[in-house]
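The values are calculated or read from the model by the stated rules, or taken from the named source; none is laboratory data. It should be emphasised that the depicted structure is a prediction, and the values quoted were computed from it without experimental measurement. All Cβ positions, even for glycine, are placed from backbone atoms using ideal geometry, and neighbour counts span all protein chains on display.
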């Protein structure tokens, strides 16, 4: 190993560290490799220095000059022979000790290699632990609990700066979401007053003693229908804004199967008008807890969507089942084969599949958006899938309440 100036790393160490780059590996693996290389190189350097110093001192002691024998003195010659024999024995012992030292150094180097990896991984985990805590806390925060903060304790370092920056971002997001919901709710509420005034003006104009022209009556009926459509749209926006804001009034425990059966029965006239066949199945009790009004609105929207976006003489399948932890409601309809990419966007407001799927054309485009918002507000999920044979399958899963004899 080449040695550079004091206090500056050598080029070989720099080259070795640069070579240990794992761009496609996790950060902990890269830190482990970096720390392992640093520990291993340091241990190898220490062992090399110790071996050089030890071998140098032993070689210097082996070459000490001995006394010159006096040829005239036989005793001295015999003593010199004894000294030479002892020096040979000492040299052999030194050679054996050097071999043992080299073997021990190799074993120590192997042990240090393993220890370097273990220590590197421990140190990497220790360094990255605050980041893992921040990541886990950030994943728990969604649009429904933007009020939560990381609030990472500790000294003012880079990790705390990162956590504080994320908290500031969450605060801005919470304000933006709240402003958006307030705007939708306020605008929908304020628009109800002029709509009511226009509807009343139409009723007064048509109800005058003198008969109105047929064109005026037809125009009034058309305007009244459009006003009803706008009123339904505003009501849907209010429900969507209230649900997304987490406002769940009138909490109660009710049976999802019973609510679905009531929704189908209440629309028997619409079902008969389009000659639809309805198949209902209920597998066990499906108790759920939440806002009675919103859960009924969710089921009503699903049944309305199945009736409206269907073909005359088609079919509807309504099934409810509980698996212990969740209660499931599935509504299926027949029809033509749908594009899965367009189906995946139906939970967005004002998204439709096209003119051939709009049925009577009196939908607001908020039905499935409200269903998704209500399901999410109650801790559930909405699953939309295009059936391979044609039509749509809509599934709602809500946390189940294990309670016998649930009231509707």
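If you go through the stretch 226-266 and keep only what is closer than 15 Å to residue 289 by Cα and surrounded by fewer than 17 Cβ atoms within 10 Å (Cβ to Cβ), you end up with 246, 247, 249, 250, 251, 252, 253.
Looking across 382, 346, one residue alone is buried (at least 20 other Cβ atoms within 10 Å of the Cβ), in contact with a helix residue (DSSP H, G or I) (Cβ under 7 Å, 6 or more places away or on another chain) and either more than 23 Å from residue 264 (Cβ to Cβ) or modelled with pLDDT of 90 or more (or both). It is 382. Applying the set (1) in contact with a helix residue (DSSP H, G or I) (Cβ under 7 Å, 6 or more places away or on another chain); (2) crowded, with 19+ Cβ neighbours inside 10 Å to residue 304 leaves exactly one unmet item: (2). Residues of the stretch 371-391 that are under 13 Å from residue 340 (Cβ atoms) and in a loop (DSSP other than H, G, I, E, B): 387, 388, 390, 391.
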